[in-house]
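Presented below is the structure to which this report refers.
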Amino acid sequence: MQQQTLRDLGVDPGSRVTLLQFSSAFCAPCRATRRVLAGVAAMVDGVEHLEVDAESHLDAVRALDVTGTPTTLIVAGGEVVQRAGGVPTRAQVLAAVAKTLESA
């Protein structure tokens, strides 16, 4: 079920790592999160950033247990391997991505 939900949101199961961000329209921290995640995706080969509007994807929000925005899911191998709420720092995202890539 989770893998299908991720595919429905546009996550490519062939990607090494996807930073899947759940945002909402009037969420200022979501904009800051977008900048951090997009920056990391641009810096690290094999990492993609995908932003999803939580309000437009309520079934996925429920299926993936997203309780607020911004929420970032780190997806590898078609599975959620880590999650975080709030605005991460670039160092936090880089560390999580490095850990995920090492495990792959």
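Brief remarks follow.
- Residue in segment 21-30 that is open to solvent by 60 Å² or more (accessible area, probe 1.4 Å) and among the hydroxyl-bearing types (S, T, Y) present: no
- Residue tally, condition open to solvent by less than 60 Å² (accessible area, probe 1.4 Å) and within 12 Å of A76 (Cα to Cα), over segment 1-16: 3
- In the set G14, G77, only one residue is at pLDDT below 95, over 14 Å from the mean Cα position of the chain (by Cα) and closer than 20 Å to V97 by Cβ; that residue is G14.
- Checklist (1) of a type in the set (G, A, S); (2) open to solvent by less than 60 Å² (accessible area, probe 1.4 Å); (3) not in a helix (DSSP H, G or I) applied to A96, failing item: (3)
- Qualifying positions in segment 48-88 - over 13 Å from C30 (Cβ atoms), assigned to a strand (DSSP E or B) and open to solvent by less than 10 Å² (accessible area, probe 1.4 Å): L73, V75
- Every test in (1) free of Cβ contacts under 8 Å to residues at least 40 places away in the same chain; (2) surrounded by 14 or more Cβ atoms within 10 Å (Cβ to Cβ); (3) not hydrophobic (A, V, I, L, M, F, W, C) is passed by R35 save one, and that test is (2).
The values are calculated or read from the model by the stated rules, or taken from the named source; none is laboratory data. Worth saying up front: this structure is predicted, and the values here are computed from it rather than measured. All Cβ positions, glycine included, derive from the backbone under ideal geometry; neighbour counts span all protein chains shown. These area figures cover heavy atoms from the full protein model, side chains too; ligands, DNA and RNA do not enter into them. Shrake-Rupley method; radii C 1.70, N 1.55, O 1.52, S 1.80 Å.
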